[in-house]
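Asker: Take this structure, written in structure tokens, and hold onto it; I'll ask about it next.
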Amino acid sequence: MNLSFAGCGFLGIYHVGVACCFRKYAPHLLLNKISGASAGAIAACCLLLDLPLGETTSDILRLATEARKRSLGPFNPSFNIHRLLLHALEKFLPEDAHLRVNGKLHISLTRVCDGQNVIVSQFDSREELIQALLASAFIPIFSGLFPPKYKGIRYMDGGYSDNLPTLDENTITVSPFCGESDICPRDDSSQLFHINIANTSIELSKHNIYRMIRILFPPSPETLANMCKQGFDDALRFLHRNNLINCTKCLAVQSTFVVSDSLEEHLVYDPQCKDCKMHRQEAMVSNVPDTVLNVFQEVIDSANKGVLNWIFKHRGMKLLSVLSLPYTLPADIMYATFTKITLLSHRTRRLVVPYRKNTTFTLNRLIGNQLETYFCEYRPCQALILSHNTNHINRLHALNNKNRLLGAAPHVGNLLWDASRVVLDQVSNALNKVNRKSQQITAKITCQLAITEYGGANVEEEIIDPVENKMNLNFTLSLDDSDLPLEQSPDRKFNTRQVLQRKPSFTVNKTDTMDDDTFDHILQVTSDHDAVMAYYYLDENNKVKVTEIFDVTEDESSILQTPHEKDVNTNLEFDDDELFDNSLEEDLGDNNLFSDPESEWTGGSCLEELEPTYFTCGKSGVADIRPEADRESMEATKNGNKFTVPSFSYEEIDF
Amino acid sequence: MIVSISQFLNSKVFPIITLIIFLQYNLLINTFWWLSSPNWWSWSKYSEAMLRALEKTILRVVKTPYKGFYVDIGPVVGPADKIWTLSFNTDSPKTPLVLLHGLGAGVALWCLNIDALAATRPVHAFDLLGFGRSSRPDFSSDALEAEIQMVRAIEEWRKEMRINNFILCGHSLGGFLATSYSLTYPDRVKHLILADPWGFPERPSENVQSAVLWVALKTVSFLVQPINPLATIRIAGPLGPKLINTIRPDISKKYAGALKDTELIPQYIYQCNSQHPSGESAFRAMMSAFGWAKNPMIKRIDNLDDRVPITLLWGLKSWIDHSAEDILKNKRQNSYFNLRVIPGAGHHVYADKPEQFNQIVLEACRYADSQSVSDRLPIMPSN
């Protein structure tokens, strides 16, 4: 099944809620193609790249508050959404973004010259991807005058031609407008009509009219938070109705069958599965993850607290700002035009010069604080070559910060606003500092690795105890040197990949007779092989569980495979090919190895003691407390698929 | 500036200018009338011949031979009302199936379903009185009265057709009328099939906090009240089909598999709705503001005979409110009630997923056949 996100401007926050739900309850749906237009395309890209949701949310909220605080909202001439989006994308997209989304991300664009819809899915570089995303979100006049170019052709917002690109029959459509989409809010205000604009079905109700207005005028953070929550709830309702919420075990089985191209209905949804039921029940009462909610809370608080906000929330002040519009607006317009002209002239110089076939040399000479620039132009004029030399000597500061120079230009409204804001912020900061105690938290990452190997079971033989080797690895990593209070550093990130790939030089507890280098070997396997399937979820104890299944049957190593197993594997080579090789090459070839679980981490209490790992054999009846990964491979073996999947689960304990 | 405006408003120039604009406007309207008076050009592009031709072209999709004729039902609402009927497979002795279309639609929109449905039994599809090619008398402006008139038209049609009982299948507004008919004449209906029916749930009570918003809402609903729902299409005149294709491109997309020409369906819908909107005003009388029924079916369903089996089906994507389903299910505990949800389909279930729709309808028909043998005992569905 593919996903499709509708373009919707600032209502894109709805997609965040939907994304939260999918990550939490239906991560298997995110492995396929995702399409979108405008804000939907950006959401699709973020989902495919596994960008942390919390940061994405805060960025959208920042954009919204930025737009709200100006007179005329986002239509203020000095609010340049195009540039803000560009900065955000430059900041967030990883270096290999284009490689990871190639063929999966489908962006709907509208060609400017003939108004036709174009869906692109191949990106040669990261810049090209950014250009495509920007072009898809480009609303003429609102975002700027000239639509951006992608591969040499000018494109604009995909919402003009196809706002909800559907790739095939099985596309789940997500739209923040009530209408005939799979995931959309359900309004009860009207029952009369619905219209279909650019492939997006919209019911003619007062809620939808309100939402239409909010496409370009962002609402208050409270409303945005509600929209996000609505997205989460709607997505959850959809998953419930379609029986798409399964436990990880059933998911694993399902995914294995999907990649092996033998869709068997009875395995996709098993109503008898206890874990599925539990998972469903958990989903019934669940809510948007805390990371996202916290971001909202912060923004809402910052919008409500403080003397300044209290003053500006006052009705009189609002009136005053409206009345002062005729005076502040010309200044704003002047500032914006000034900036745009300089930017334009800067750009045209670059563009026009090659067109005229001039030859230009630029010589820079830096002396002390002065930068001298020599422009030497040779202009072929008929047969003659005219040399045209100009010397520019600019102050270094002025050259570097052209915009800052212009930033000092009259900008009355915002300047006054900013000044008073700074003063009041200082006051409130000072007040806060008196009360604040410095907190010191030592972060401790506890990692448990449970490695179990299953022996290949013969067809005739009853499976009594397929577990051949088992090993528990626990290591603790203390980050004592980090003296930053956790609450004050929301930006601090732990790169899981690094932590996980670190050598276990800390504490290694083993329960079996395995060499030290087995762990190293497993690490090597994980880095060499792409995971056949990798998913993670948040269990009820706020622990992130990362489960990855690796295909190591091809591996020649004798550490992970006993000779007996090897024999079984060679016998079952055909099965293996069918089950795993396809997946490695096609479906999950460029999937990232570790999904980023930080986005779901919540700031909780520091867990000091190691949790005991429960490890029992298949027959002992306490199957439920064993790690998920073991169970699923057990299940797989029992189902008659005689492949061996040494699987292990990382349990990242929250701190 | 304000002073100059008030001066302008008080000066004698203002009324003169207004008068000129008013006269100009009249002139404009008059020009339209003048242009539309001769037959060679009219603002409203309705023509009986064109509607007939379009219907015929669309019905080429249907392989089953059919007979189209006007059924004279006499003075039901107007002095002499006629109902345009299409009959398929009339030779079959089985219980006939009667299809009722929704608001703004016509018989031709069933084109994707008829072949499958008419394979085993007679199928009759007709344009509701006041819609499509049927005559267009003026209905009462009272909700109940208009509904009774509509139902009586169906009953008169049945008498003229000499059908004792039938399986009634209605979509949207047709579903509402079919239920209303079953309430009045339960013995005639062997099975009631409701495809995403309109007018079942009650209008939820609105709590509008802001007084300004409340006033605005009331004003809007007051202004909208006298306007027929599809008036925009008629106002658009010759641009009507284009307008339909712009705001509802999905409708022609639904039929794209069968009909090559994507212009046909919008043209047909335009022709169906560009005449005198009598059926539409009846619908307007039956609804309160913003599309909720004045007399919601869920309140009256208690009066429905327990012997009438109901199959209710709708598309999962449909934007119609489905809050009434659970109540309906509870109220029909003593009789056959089958609820089917078709994933991937919207409000127009029959066109979105014709195969599944046909299958469910045929299933209901088979049930009706089996019931006629066992004397219609109320038995719960097996699933």
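Asker: Those residues that are at the interface with chain B (Cβ under 8 Å from one of its Cβ atoms), buried (at least 24 other Cβ atoms within 10 Å of the Cβ) and within 22 Å of the chain's Cα centre (by Cα), I need them from the range A:174-183; list them, please.
Answerer: Across the range A:174-183, there are no qualifying residues.
Asker: Okay, moving on. Within the range B:314-356, take every residue that is open to solvent by less than 20 Å² (accessible area, probe 1.4 Å) and of a type in the set (S, T, N, Q) and give me the one that is farthest from the other protein chains (Cβ to nearest Cβ).
Answerer: Step by step, filter the range B:314-356, then rank; the result is B:335.
Asker: Looking at the range A:127-171 only, could you name the residues that are at pLDDT below 85 and hydroxyl-bearing (Ser, Thr, Tyr)?
Answerer: Correct list: A:143 only.
Asker: Another one. List the residue pairs whose Cβ atoms are under 8 Å apart, where the first residue sits in the range A:111-127 and is more than 14 Å from residue A:165 (Cβ to Cβ), the second is in a loop (DSSP other than H, G, I, E, B) and of a type outside the set (S, T, N, Q), and the two are 6 or more positions apart or on different chains.
Answerer: A:112/A:147; A:122/A:103; A:126/A:93; A:126/A:95; A:126/A:96
Asker: Take the range B:194-227 and flag every residue that is among the small types (Gly, Ala, Ser) and in a helix (DSSP H, G or I).
Answerer: Listed by number, the residues that qualify are B:211, B:216, B:221.
Asker: What pairs can you find where one residue is in the range B:206-228 and more than 11 Å from chain A (Cβ to nearest Cβ) and surrounded by 12 or more Cβ atoms within 10 Å (Cβ to Cβ), the other is at pLDDT 75 or above and outside any loop (DSSP other than H, G, I, E, B), and their Cβ atoms are less than 7 Å apart, with a gap of 6+ or different chains?
Answerer: As it stands, the answer is B:228/B:280; B:228/B:281; B:228/B:284, since those pairs meet every condition given.
Asker: Checking the conditions here, which among A:166, A:171 is within 22 Å of residue B:251 (Cα to Cα), surrounded by fewer than 21 Cβ atoms within 10 Å (Cβ to Cβ), in contact with a strand residue (DSSP E or B) (Cβ under 7 Å, 6 or more places away or on another chain) and more than 10 Å from chain B (Cβ to nearest Cβ)?
Answerer: Sole residue among the options that is within 22 Å of residue B:251 (Cα to Cα), surrounded by fewer than 21 Cβ atoms within 10 Å (Cβ to Cβ), in contact with a strand residue (DSSP E or B) (Cβ under 7 Å, 6 or more places away or on another chain) and more than 10 Å from chain B (Cβ to nearest Cβ): A:166.
Asker: Then there's this: Counting only residues that are open to solvent by 10 Å² or more (accessible area, probe 1.4 Å), more than 10 Å from chain B (Cβ to nearest Cβ) and assigned to a loop (DSSP other than H, G, I, E, B), how many does the range A:184-220 have?
Answerer: Adding up the residues that qualify gives 4.
Asker: Still on this structure, I have one more. Looking at B:251, B:265, can you tell me which residue is within 11 Å of chain A (Cβ to nearest Cβ), surrounded by 14 or more Cβ atoms within 10 Å (Cβ to Cβ) and not small (Gly, Ala, Ser)?
Answerer: B:251
Asker: I'm trying to understand the selection: among the residues of the range A:14-38, which are aliphatic (A, V, I, L, M) and either surrounded by 24 or more Cβ atoms within 10 Å (Cβ to Cβ) or over 13 Å from the mean Cα position of the chain (by Cα) (or both)?
Answerer: A:16, A:18, A:19, A:26, A:29, A:31, A:34, A:37
Asker: Follow-up. Of A:67, A:41, which residue is over 30 Å from residue A:320 (Cα atoms) and open to solvent by less than 10 Å² (accessible area, probe 1.4 Å)?
Answerer: Matching residue, one of A:67, A:41: A:41.
The values are calculated or read from the model by the stated rules, or taken from the named source; none is laboratory data. In this text the structure is predicted, and so the values were computed from the model without any measurement. Cβ coordinates were reconstructed from backbone atoms using ideal geometry, including for glycine residues, and neighbour counts include every protein chain displayed. In case anyone asks, the SASA skips ligands and DNA or RNA and just uses the protein heavy atoms, side chains included. Shrake-Rupley method; radii C 1.70, N 1.55, O 1.52, S 1.80 Å.
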